[in-house]
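To start, the structure under review is shown below, and the notes come after it.
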There are 2 protein chains.
Amino acid sequence: MRKKRTTLKDIAEAAGLHVSTVSRALDPNMRQFISDEVVNRVVAIARQMDYRPNRMAHGLRTNRSMTTGIVLPDISNVIFPPIVRGVESVLEPRGYASLIVNTDNSERRKERLVDMLLARGVDGVIHAAASLDDRAALELEKHGVPLVTVNRSVENSSIPYVVNDEADGIEQLMAHVHGLGHRVIAHIAGPQGTSTGYHRLLAFGESSERRGDLGWRNRVAYAGAFTHEEGRRCMSELIARDLPVTAVIAANDTLALGAIEALRAHDLSCPGDVSVTGFNDMPFLELIPPALTTVRIEQFAAGAAAAEMLLKLMADEPADTGVVLPVRLVARASTAAPPDQARSAGEEPQPVAAEPADAGERAPAQRRSRRGSSSSRA
Amino acid sequence: MRKKRTTLKDIAEAAGLHVSTVSRALDPNMRQFISDEVVNRVVAIARQMDYRPNRMAHGLRTNRSMTTGIVLPDISNVIFPPIVRGVESVLEPRGYASLIVNTDNSERRKERLVDMLLARGVDGVIHAAASLDDRAALELEKHGVPLVTVNRSVENSSIPYVVNDEADGIEQLMAHVHGLGHRVIAHIAGPQGTSTGYHRLLAFGESSERRGDLGWRNRVAYAGAFTHEEGRRCMSELIARDLPVTAVIAANDTLALGAIEALRAHDLSCPGDVSVTGFNDMPFLELIPPALTTVRIEQFAAGAAAAEMLLKLMADEPADTGVVLPVRLVARASTAAPPDQARSAGEEPQPVAAEPADAGERAPAQRRSRRGSSSSRA
DNA sequence: GCGATTTGTGCAATCGTTTGCCGAACGATA
DNA sequence: TATCGTTCGGCAAACGATTGCACAAATCGC
């Protein structure tokens, strides 16, 4: 059924040459050893016969598949496709194709998939689903397969990474809500097995203490996954603790959206009663009310940077041990002054610079306590 | 640098056997010809030496790469990842890995990418970026590579497809807005080079005529792409034509969102002044106000169905020539009674059955003209 | 207990490329 | 004219797996 593809041998016969000569004539690097006349003839015949080199044979001989693996938690999660596109923007022009696999946050699945990539002889792997101690990643390292993690990193390893500046992002959010007057701030922490969840929590703690808040630990709820549902659950949990929280820093946008839903379910408004922030700035976020204040990460750039690093590793060139990409605060409508000191509506919030430690934990509300109506959406 | 992987030969040496024996012992289909004792020994050694068959060598010999290609317009477009997951839910358990490529709606790029897939010897291709006359698809057919299109189809070809019931979807939307009282309905048509854009327009025309509206052609704006921007542009164009349009059927959700934006820019409200509908029901849509009335398509199921068909084709078994998946109307807030005859709020709209041709084009507004305030959001 | 069958394993070719090595042909040089 | 480099192209061995065939040993029928 399947039409036989034309091979070097076919061309060799048609041209009355040896296959090795044809091979060389078609290889830009070997062309110099072949006369121009032959090269032209071979190229012409190859084109005419619709020759397409067999990458499997090529790979078998050279031990390079010109294929890379991209390991994701889930391609359906909107933050990953841009990363993939970034990776491919670099790899595709260099002739690499990518096998994309989804781990669905299962370590077992991850290992199976890495096995599959290994069996297919990928030349390198971009890993966006790394856990803090990632067995699959170590397996790849063991086999000497070039590997770069992106978006997340593997702790206590020499695995090169491209990550976002989590600490700075959290600090910017904290400065923002602090500037709005919030003093009792909670955190919905992401899965602590991921570097993002872990480092954002860490940053939240440090930022809190820097502002003199030593009791932050009581105001952390731990999400088991970066999902809507977990966001809802964590927010409900925080509400149940009955603390005077006026702002919630969620570890990512999805958790934040779930949190806002939970607030609504408890007849609390955002930002009227509680301000909420996210992380990532996923697509369409600005269209969902209340538009979420968040931190924008550079997904495409991250993918591209990771791919550049991978290229170097695959070429045995020295590469950076890691890259940290800058993030940027995007202030929107989900954050406002806390209810007991609402500013006049419409005034642009002015983020205050990080203040030198404030001594007292839970500094009492201060500044322009104008006590307006508790915001628009009641 | 790279650690040498263990091969059949290594195992053969370790076991004191010939590689062909080892090969057979490891192949479930050939195992019957080998004594149990040898099989067990070989399997044990293989496991211990961490043997992983070299798929490239395997593929070269058997001419099957156990790899498929998935061709998409753009993985960043939220409607495609679920299709991909559907495909993989079927293919992955059968041992196939997938090379995913993005055409970015460029025919040239598409051909280059198909070339790349061909070079890698994919066993089959799932094509979600087909155009009505798709050269790349025909190229694949020519080479005898099993191919199934999903979400879109290729006209005048025997290429098997899995599509959504476009005609029924449009009909459901038309019945819905007609039932609300709309009589002057416009269409923002998708790219006519795609089966989705084409068939939805066709269905709009037929549905209009079935209702006695023969002047529908004047109320069609053609989008060059399924984008936000084109939705805006088309809506502006329709507004500029100054027709008494009260409802707009957009060819997909993205166009609809753009259209609503344009309405807003012209100080018109949706659904107060104009009702708008989409198609696809993409994620998060229900959270963006006004929540869009749309038609839900089954992306995951479509991917899975396409993969099932591809499996059959790859096994040279007879397969369906095509599958049409059912769609379902999802009525939300972006549709309401037209402004000059607003029904009492809260009343559940009752879709009217398709009426026998109504003779008069542009039937004058009728029925319960209660003339209320022109809806909530002014 | 002898030939015929079955069973288990080895041999070697093959898939399509790449590449180290060798040798023929050529022009230039002595 | 003999020699020496070049230049160009062919030969053949890989890469790692599969598989038709051959062959030895074990098993069976009678």
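How far apart, in nanometres, would the label points at A:Ala265 and B:Lys142 be if each is projected 7 angstrom from Cα along the Cα-to-Cβ direction?
So the two model labels end up 5.8 nm from each other.
Would you compute, for the Cα atoms of the range A:188-293, the largest minus smallest coordinate along each principal axis and list the three values in descending order, in whole Å?
Taking max minus min along each principal axis of the Cα atoms, the range A:188-293 gives 33, 29, 23 Å.
Compute the signed sum of charges (Lys and Arg +1, Asp and Glu -1) over the other residues within less than 9 Å, Cβ to Cβ, of A:Thr294.
Counting the neighbours of A:Thr294, the net charge comes to 0.
As a test of the formula, what do you get for chain B when each DSSP H run with n ≥ 4 contributes -39,500 (n - 2.57) and the sum is divided by the residue count, at 222 nm and rounded to the nearest 500 deg cm²/dmol?
Helix-only estimate at 222 nm: -12000 deg cm²/dmol.
Would you work out the relative contact order for the range A:96-237, in percent, from Cα pairs under 8 angstrom that are 6 or more residues apart?
17 percent
How much length, in nm to one decimal, is gained on full extension between B:Leu325 and B:Gln48, taken as 0.36 nm per residue of separation minus their Cα-Cα distance?
Going from the current span to full extension adds 94.9 nm.
Using a label position 7 Å from Cα in the Cα→Cβ direction, what is the ascending list of nm distances from B:Ser20 to the same site in the other copies?
2.8
Could you give, in nm with one decimal, how far B:Ala333 is from each other copy of that position, shortest first, with labels 7 Å out from Cα toward Cβ?
Inter-copy label distances (nm, one decimal, shortest first): 1.0.
Could you give the spread of the C-alpha atoms of the range A:96-222 along their three principal axes, from largest to smallest, in whole angstroms?
Principal extents (Cα only, largest first): 56, 25, 23 Å.
Which residue fluctuates the most in chain B, going by a Gaussian network model with Cα springs under 10 Å, if the choices are B:His143, B:His127, B:His182?
Largest GNM mean-square fluctuation: B:His143.
Taking beta carbons within 10 Å but only from partner chains, what does the mean come to for residues A:114-127?
Mean shielding count: 3.
Which links in B:Lys142/B:Lys312; A:Lys4/B:Lys4; A:Lys9/B:Lys110; A:Lys110/B:Lys9; A:Lys4/B:Lys312 stretch past 24 Å when you go from one Cα to the other?
Going by Cα-Cα distance, A:Lys4/B:Lys4; A:Lys9/B:Lys110; A:Lys110/B:Lys9 fall outside the 24 Å limit.
Name the residue from A:Tyr161, A:Val150, A:Ala119 whose Cα lies farthest towards the positive end of the charge dipole of the range A:55-176, charges +1 on Cβ of Lys and Arg and -1 on Cβ of Asp and Glu.
A:Ala119
Return the FRET efficiency for the residue pair B:Arg31, B:Arg64: r is the Cβ-Cβ distance, R0 is 25 Å, and the value is rounded to the nearest 0.05.
0.80
Amide H to amide H under 5 Å from A:Leu147: which residues, 5+ apart in sequence or cross-chain, H placed 1.01 Å off N in plane?
Amide H neighbours of A:Leu147, under 5 Å, 5+ apart: A:Val125.
Taking the Cα centre of chain B as the origin, how large is its charge dipole in debye, to the nearest 20, when only Lys and Arg (+1) and Asp and Glu (-1) carry charge on their Cβ atoms?
Computed charge dipole of chain B: roughly 1020 debye.
Remind me, relative contact order of chain A in percent, using alpha carbon pairs under 8 angstrom and six or more residues apart?
17 percent
Collect residues whose amide H, placed 1.01 Å from N in the peptide plane, falls under 5 Å from the amide H of B:Ser98; neighbours closer than 5 in sequence don't count.
Long-range HN contacts for B:Ser98: A:Ile100, B:Thr68.
Express the Stokes-Einstein translational diffusion coefficient of the protein assembly as shown in µm² s⁻¹, to the nearest whole number, given a Kirkwood radius over alpha-carbon pairs, 10 °C and a viscosity of 1.306 mPa s.
For these conditions, the coefficient is 54 µm²/s.
Let me know the Rg and Dmax you get for the range A:183-242 when you use only its Cα atoms, in Å.
Reported Rg and Dmax, both Å: 11.4, 32.
Counting pairs of alpha carbon atoms under 8 Å apart in space and at least six apart in sequence, what relative contact order in percent does the range B:135-184 give?
21 percent
If you rank B:His187, A:His176 by fewest surrounding Cβ atoms within 10 Å, what's the result?
A:His176, B:His187
By count of other Cβ within 10 Å, fewest leading, how are B:Asp213, B:Asp27, B:Asp36, B:Asp10 ordered?
B:Asp36, B:Asp27, B:Asp10, B:Asp213
I'd like the mean, over residues of A:97-110, of how many other protein chain beta carbons sit within 10 Å of each residue's own Cβ.
That average works out to 3.
Could you give the length gained on full extension between A:Arg94 and A:Asp168, defined as 0.36 nm per residue of separation minus the Cα-Cα distance, in nm?
That pair, A:Arg94 and A:Asp168, stretches by 23.2 nm at full extension.
Using the Karplus equation 6.51 cos²θ - 1.76 cosθ + 1.60 (θ = phi - 60°), what ³J(HN,Hα) coupling, rounded to whole Hz, does each residue of the range A:53-68 give in order, writing x for Gly and Pro?
Running phi through 6.51 cos²θ - 1.76 cosθ + 1.60 with θ = phi - 60° gives x, 7, 5, 6, 5, 4, x, 4, 6, 8, 6, 9, 8, 6, 10, 10 Hz.
Could you check which residue among B:Phe33, B:Phe279, B:Phe226 shows the biggest mean-square fluctuation in a GNM of chain B with a 10 Å Cα cutoff?
Taking springs between Cα atoms under 10 Å, the residue moving most is B:Phe33.
Post the alpha-carbon centroid distance, the range A:72-114 to the range B:294-345, in whole angstrom.
Measuring centre to centre over Cα atoms gives 27 Å.
Taking H placed 1.01 Å from N in the peptide plane, check which residues at least 5 places from B:Arg328 or on another chain put their amide H under 5 Å from its amide H.
Those lying under 5 Å, H to H, from B:Arg328 are B:Arg296.
Give me the tail of P(r) for chain B as a percent: Cα-Cα pairs with distance above 39 Å.
I get 34 percent for the Cα pairs in chain B exceeding 39 Å.
If you average the alpha carbon positions of the range A:121-179 and of the range B:12-33, how far apart do those two centres end up, in angstrom?
So the two Cα centres are separated by 41 Å.
Distances from B:Arg112 to the same position in the other copies: list them in nm, one decimal, shortest first, using label points 7 Å from Cα along Cα→Cβ.
3.6
Quick note: the coordinates plus some simple rules give every number you see, no bench work behind them. Bear in mind that the values here come from a model prediction, so they are computed numbers and not experimental data. Cβ: placed from backbone, ideal geometry, glycine included. Neighbour counts: every protein chain shown.
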